[in-house]
1. Report, by chain and number, residues whose modeled amide H sits under 5 Å from the one on LEU154, excluding near sequence neighbours (fewer than 5 apart, same chain).
2. For region 71-126, what percent of Cα pairs sit more than 17 Å apart?
3. Dimensions of the chain along principal axes (Cα, Å, largest first)?
4. Nearest 0.05, what FRET efficiency do GLU241 and GLN81 give at R0 = 22 Å with Cβ-Cβ as r?
5. Can you pull a Stokes-Einstein diffusion coefficient for region 1-109 at 37 °C (0.692 mPa s), Rh from Kirkwood over Cα pairs, as a whole number of µm²/s?
6. Going by average Cβ density within 10 Å per residue, which order do the peptides 147-155, 238-246 take, highest to lowest?
7. Put a dot 7 Å past each Cα toward the Cβ at GLU231 and ALA216; how far apart are the dots in nm?
8. Ordered by residue, what ³J(HN,Hα) values in Hz, to whole numbers, does region 29-35 give under the Karplus form 6.51 cos²θ - 1.76 cosθ + 1.60, where θ = phi - 60° and Gly and Pro are x?
Amino acid sequence: MIRAENLTRRFGNLAAVEGLNLEIARGEVFGLVGPDGAGKTTTLRMFTGLLDPTEGRAWVAGHDVALETQAVKDRMGYMAQRFGLYGDLTVEENMVFYADLFGVTGSERDQLMAQLLRMTRMEPFRGRPAAKLSGGMKQKLALMCTLLHHPEVLFLDEPTNGVDPVSRRDFWVILHDLVARGLTVFITTAYLDEAERCDRVGLMHRGRLIRCDTPAALKQLAGGDSPTLEEAFIAEIRKQEAAARV
Ligand SMILES: Nc1ncnc2c1ncn2[C@@H]1O[C@H](COP(=O)(O)OP(=O)(O)OP(=O)(O)O)[C@@H](O)[C@H]1O
Ligand SMILES: [Mg+2]
């Protein structure tokens with residue numbers, strides 16, 4: 001459902017993403033983690049057609065992102081790191097706005113909105129202005145807005161940043177619900193407990209994908225008796241930095 005071949009983006013001398021090769025299957029939850037500035041958002045922006053690669057190619061849902069941009073847009077949902085909600089508009093009005101944008105109207109729209117509000121348990125807040133929602137509720141609303149055109153692939157850029165642990169768990173219940181219905185999810189996160197919930201995790205560092213495997217396999221990298229994903233990642237990044245110094 002998602003594929004990259006030597007995907008590269010440079011900004012002047014800086015290689016924000018360098019030679020990314022990746023394949024993600026239908027129904028997979030793929031997590032991309034890495035320190036600030038590692039290149040996660042740049043990767044997502046190339047997959048979603050918002051940013052042209054300097055080199056390489058990307059495919060989403062079988063379509064070439066550069067050549068068939070509209071086909072890709074029709075099949076994917078993108079929740080940006082700073083997703084645009086309209087604070088003065090209510091939950092429902094924000095959803096209607098995004099539905100209009102995607103050309104989803106009439107009874108199809110009403111049914112889908114009702115289903116999403118139920119799934120996220122946001123029904124009681126449908127009339128509340130977005131500016132007055134809690135952080136977790138805002139993220140749920142943004143997620144609903146990205147789901148209004150039945151995407152097959154979801155790209156989520158740190159969707160739970162700054163959200164409390166209970167709301168984060170809620171968010172993941174919703175994600176797994178969507179995956180059970182056939183959605184493919186590509187998510188970036190700073191939370192390693194969330195990375196553990198992914199089928200596969202990629203560790204990005206200075207534009208390069210330095211590791212990519214199941215959470216269980218990645219934990220083995222750190223050695224020791226019961227390493228955590230956090231320990232494994234910190235060890236990997238230290239190794240990279242030591243190698244860069246010599
Ligand atoms: N439009 C741009 N022009 C110049 N440099 C950029 C641009 N966009 C990103 N960069 C640089 O590319 C690198 C990767 O940035 P990116 O936003 O992809 O990182 P990130 O992994 O998403 O970080 P964070 O966790 O902070 O969101 C950074 O050094 C950033 O400053
Ligand atoms: Mg980012």
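What follows draws every value from the coordinates through simple rules; no lab data is involved. Since the structure is predicted, the reported quantities are computational estimates derived from the model, not experimental observations. Counting neighbours? That spans all protein chains shown, and the Cβs are built from the backbone with ideal geometry, glycine included.
1. GLY77, THR184, VAL185, PHE186
2. 46 percent
3. So the extents along the principal axes, rounded to whole Å, are 61, 43, 31.
4. Step by step, r from the Cβ atoms, then E = 0.30.
5. Translational diffusion coefficient: 210 µm²/s.
6. The peptides rank, most packed first, as 147-155, 238-246.
7. Simple spin-label model gives 1.9 nm for this pair.
8. 10, 10, x, 10, 10, x, x
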